Structure formats: C-alpha cells, structure tokens
Amino acid sequence: MRNSIVASNTVTLTNDLDNMKTASSRDDMRTESRRRNLLILIFHHLMEAGYVDAASALEQDTNVCFRRFEVCDNIDLDTVLMEYESYYFIKFQRYPKLTKKLPEPVESRHARSCGKKRVPCTGVQPLPRINSSHRPPSRGGVKKTEPKMVVKDASKAVGENGGRSSPPEPTEFGLNVSPIIRNGAGEGQMKKGQLIDCRGLIQDASNSLSEPMEPLLKPLSAFIGMNSEMRDLAAVISRDIYLQNPAVRWDDIIGLQAAKRLVKEAVVYPIKYPQLFTGILSPWKGLLLYGPPGTGKTLLAKAVATECNTTFFNISASSIVSKWRGDSEKLVRVLFELARYHAPSTIFLDELESVMSQRGTGGGGEHEGSRRMKTELLVQMDGLAQSDDLVFVLAASNLPWELDHAMLRRLEKRIMVGLPSGNARQAMVSHWLPPLSCTGGVELRTELAYEMIAQATEGYSGSDIRLVCKEAAMRPVRKIFDALESHQQGSCNMPVIHLETVTTDDFLEVIAHTKPSARNLIDKYTAWETQYESV
Ligand code: ADP
C-alpha cells in the first residue's frame, strides 16, 4: 500500500516536472521569437527610414539575413510604439516616458565650450560603416492603413477607482484600455465602437515636452541625384552640422538688443509663424552680422542654432577655401543642396571676407578656383532668393569693407554688432565676476565698483572684457600657487583653499595692461555702417 502511494507520488512529480519543462521551453521559445521579431522590426524600420548603412551593419552584427523576412501588413515599429503610447495614455491619462537624456559627461561639456562640434555619444559604439549606394526599397504592395484604435463598450470597463480599469477591456489590437480619455473638450466616457485617432494627441504631447529636441538628421544615403564624389563632399559638410545644440540662449547674450530682435525677425519668426511671412513679407534669405571681433556675432549665430529648430550648418569660410581649393565650388553646391534636403536650415558662414572678398582684387593674382567658388556662392544665393525653400544664410564678417558687392546685395539685411554699451559692459563684468562665485569647489569673492569699471572699459569688446575678468580672477589664484606647490611636496592632502577677494584696484591694474583689440577700427565700422546699413 505504502509502496503504491510512493509510486503514485513519484509519477505525479515526474508529470509536474515534465509540465514545467515544457512550459519553460515554451517561454524560452517565445522570448527567442520576440527577440528575433524585434530585430526584424528594427531592420525594417531602419530601411524604411533610409538608414541603409545602419541596417546593413545590423545584419553584419547579428549574422542574420533580415532581408529574408517580411514584416506583416499594418505592423511596423512606429505603429507598435504609437499604439503603446495610445494605450498608456488611455490607461493613465498621460504619455509614457520612453527615453530620458543622460547627464552630459564633463569632457563633452568642456569640448563644447571650446567650440568643438559633434561630441560623440559616450556608451554607444559607432557602427561599422558599409558602403551602400542603393536606396531603401519601398514596401511594394503593402498598403499601410492609418493606425486607429477601436474601444469597445466603455461602460463595462469603468472601474470604481475613477477610471483605473477593473478589469480592463481588450481592444481590437489586444491592448487593455481604460475607457476614460481626456481630450480638448474635456473628459468623457467613450461610446461603444467609437474611433479615437490618437495621433494628434501624441503629437501634442511630444510638442509640449519641455526639453527641446535635438534635430534628427535624415539619412545621407537617401540623398539622391549624386555621384559618389558629391556624396563624399556631402559627408564632409555633414560633419559641420551642429548635432548637439550649442546651448547659447538669447538671454546668455548680454546687450545687443537690436541685433537680437533683427535676427529673431529674420530667422526665427518666419519658421515659427510661416503664415505671416508670405507675399511681400516673404522671409529674408540672407543676413550679415558685421562688426569688431569678439562682440558676439558667433554667439548670436549659436543662439539661432539653439533656439530655432533648424538644421544648422556651421561653416567656417576659411576652411572651405583652405581644404578644398580646387573643389570649393562643388562643396558650395553640395552645401546648399544638403541645406535644402535638411530644410528648414540655417547656413552660418563665419569669416565671410575670407571667401567673398571683392573679386579681381589682389593684383590680378586671384586663384581661378576661388573665382569659380565665389560665382557658385552667388548663384546659390540667387537660387535661394527665387525659391520657397526654408534655407537661410547667416554670415559674419569682421571686415565688411572687403566684401564683394554682389554678395552684399544678396545679404539683404546687414546688422552692425558693435562694441558693448556702458550698461552692457557693467552687466558683463557683474556676470563674469559676481560678488560671490564658486568654481570647482573654490569660492571666489569680489568687491568691485561695477559702474566705475564699466566706464574704464570703454572701447573693449565682449571678449576683451571676458579676458580682463579672467585675468583679474587669476590674480588671487596666482598668489596661492607657491603655497600649493610647497604643500604638495610634503603631504598628499589638499589644504583648504581660501582666495583673496578681487578688488577694483586689481581690475584697474589688469585693464592698464590689457588693451582693447578693436578700438582703432571703430570709425571705419561706423563709416561703413552709414553707407551699407540695412536693418
Ligand atoms: P565674434 O563677434 O568675433 O564672433 P564671439 O561671438 O565669438 O565674437 O564672442 C567671443 C566671446 O566673447 C564669446 O564666447 C563670449 O564669451 C564673449 N562675448 C562677446 N560678446 C558677448 C555678449 N554680448 N554677451 C556675452 N558674451 C559675449
């Protein structure tokens, strides 16, 4: 009897074990299949969006030929994500947070403040590059229907707890949704079979995200109509596109109210309020910022890149000439084509005088390639003027009198970015040397007569003033170097650092030894402004 009980228990145990094994192997298979499906969806998404190189790299990395699989009708990554967002919105009355920005590593921030572009994302290994000239295939024959969600009888699913479902009703797509939905008109219960198109809501939600989105560049592989040489040039120019915004806000620029207003009017508002800028009010196509060096012209351009949602091409004109002497004109052509491709775009041409000095000057020794490039730039600017493309040229020059007159005509707006006024100088000094600041854990105190300093710095540019502030702040730091050096030889513990206060006398002494860089040229700028100003 006892034996038979033991035997029966053993059989039950074996059956249970078998069942568990089968269930676990079924789970494994589902997980495996989900993983494979995810990769196939990613592959198809990349191909559809034109990221052909990345798709090929994915195939190489996984060693799977994804081209052998097709994604079923009405399924793609975008739709899956959109439906998840809709589901979440309906269930929780808010959108899911799918991604979040990592804190920027210190090196990247430093690199950016040094004016470097394209800080590589840490933690993401670059994909192997595979040359591919073919365009993404369209999913021929597969008719996409717009994603809509059918919510079944809402009343059945209303829970006691104010909208949280108990139990939730399945939707047509197998998603469980709570029936309460918020819309512009207020909350209400859904009627049976009512269609909700959630795309608008999702759009609204992403528009209202507080963080400004960085631009997502369209893939170069879809940049058609180009031979391989042109594609290479396009790749070169693409390196000058700001991918991370330079983080200069309008408020970071001290003074220059008139210049800021004009730049906003010319670049920002036409993109923000296109309906206002039609007919005679059609947007300006070119704007020149001129003035002494170090007065904030580049800063204004960076604010445009930060505050406008346009693709920003930061082109140093001198680098076009020096690197591409022979091919500069092709580079200019590709630059404008690329700007149209990524429109709305802003092309910032810094140091314009180095490419667009008056033609035929320089004792007849002008390089043929340089002449061709200037002509191409003028042709491209004309092309812009006659088109509706949202491409805008922002140029900066420290030597406007050297500029070609034909180019000047095409830069319809010409704005002087002059030396800072007394108020601006005072604001700059109190910004860079406030009464108390803390850098790297060290406190720096100042006792400065800001108004007096503002008077003493007349004729100094913004960057001169920054330099003087830095030098003044350096004085108390210099005094502790000796103490630090001798201490380090004896012990490994850092002493507590107390810096002396920076005084007005310190500042005035620095000014006495740091002369303004552009004071002598002011008359020349004013004379030129009288003749060519266009604001
Ligand atoms: P440029 O007119 O030669 O293009 P920049 O815009 O590059 O000059 O300015 C050089 C530096 O001077 C800036 O990085 C900034 O630190 C300082 N600076 C100049 N003008 C201003 C300003 N109006 N507001 C704040 N900083 C300024």
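The values are calculated or read from the model by the stated rules, or taken from the named source; none is laboratory data. This is a predicted model, so every value here is computed, not measured. Heads up, the Cβs are rebuilt from the backbone with ideal geometry, glycines too, and the neighbour counts pull from every protein chain shown. Note: areas computed on protein heavy atoms with side chains; ligands, DNA, RNA excluded. Shrake-Rupley method; radii C 1.70, N 1.55, O 1.52, S 1.80 Å.
A few notes on this one:
- Heavy-atom SASA rank of Val535, Val429 (probe 1.4 Å, accessible area, largest first): Val535, Val429
- Dipole size of segment 393-535 about its Cα centre, with +1 on Lys/Arg Cβ and -1 on Asp/Glu Cβ: approximately 400 debye, rounded to the nearest 20.
- Taking the Cα centre of segment 355-467 as origin and assigning +1 to Lys and Arg Cβ atoms and -1 to Asp and Glu Cβ atoms, the resulting dipole is close to 140 debye.
- With the simple spin-label model, which puts each label point 7 Å out from Cα in the Cβ direction, the Arg409 to Arg371 separation comes to 1.9 nm.
- These residues, Val379, Val52, go from largest to smallest accessible area, 1.4 Å probe, as Val379, Val52.
- The stretch between Trp401 and Tyr273 holds 42.7 nm of extra length on full extension. This uses 0.36 nm per residue minus the Cα-Cα distance.
- Solvent exposure of Arg340, expressed as accessible area, is near 80 Å², computed with a probe of 1.4 Å over the protein chains only.
- Phe92-Asn309 FRET efficiency (beta carbon distance; Förster radius 25 Å; 0.05 resolution): 0.30
- Amide H to amide H, with H built 1.01 Å from N, Ser345 comes under 5 Å of Thr311, Val391, Phe392, counting only residues 5 or more places away or on other chains.
- Shown are Met416, Met47, whose ranking by accessible area with a 1.4 Å probe and every protein chain present, most to least, is Met416, Met47.
- In this structure Thr375 has an accessible area near 70 Å², from a 1.4 Å probe over the protein heavy atoms.
- Under 5 Å, built H, 5+ apart or other chain: amide partners of Leu444: Ser437, Cys438, Thr439
- If R0 is taken as 60 Å, the Cβ-Cβ distance between Asp73 and Ala235 corresponds to a FRET efficiency of 0.95.
- Rg over Rh [alpha-carbon atoms, Kirkwood Rh] for segment 379-479: 1.20
- Estimated at the nearest 10 Å², the accessible area of Lys515 is 140 Å² with a 1.4 Å probe.
- Annotation: amide H of Gly286 within the under-5 Å range of Val393, Glu412, Lys413, sequence separation 5 or more or interchain, hydrogens built in the peptide plane.
- DSSP assigns beta bridges within segment 341-452; of those with both partners inside it, close to 50 percent run antiparallel.
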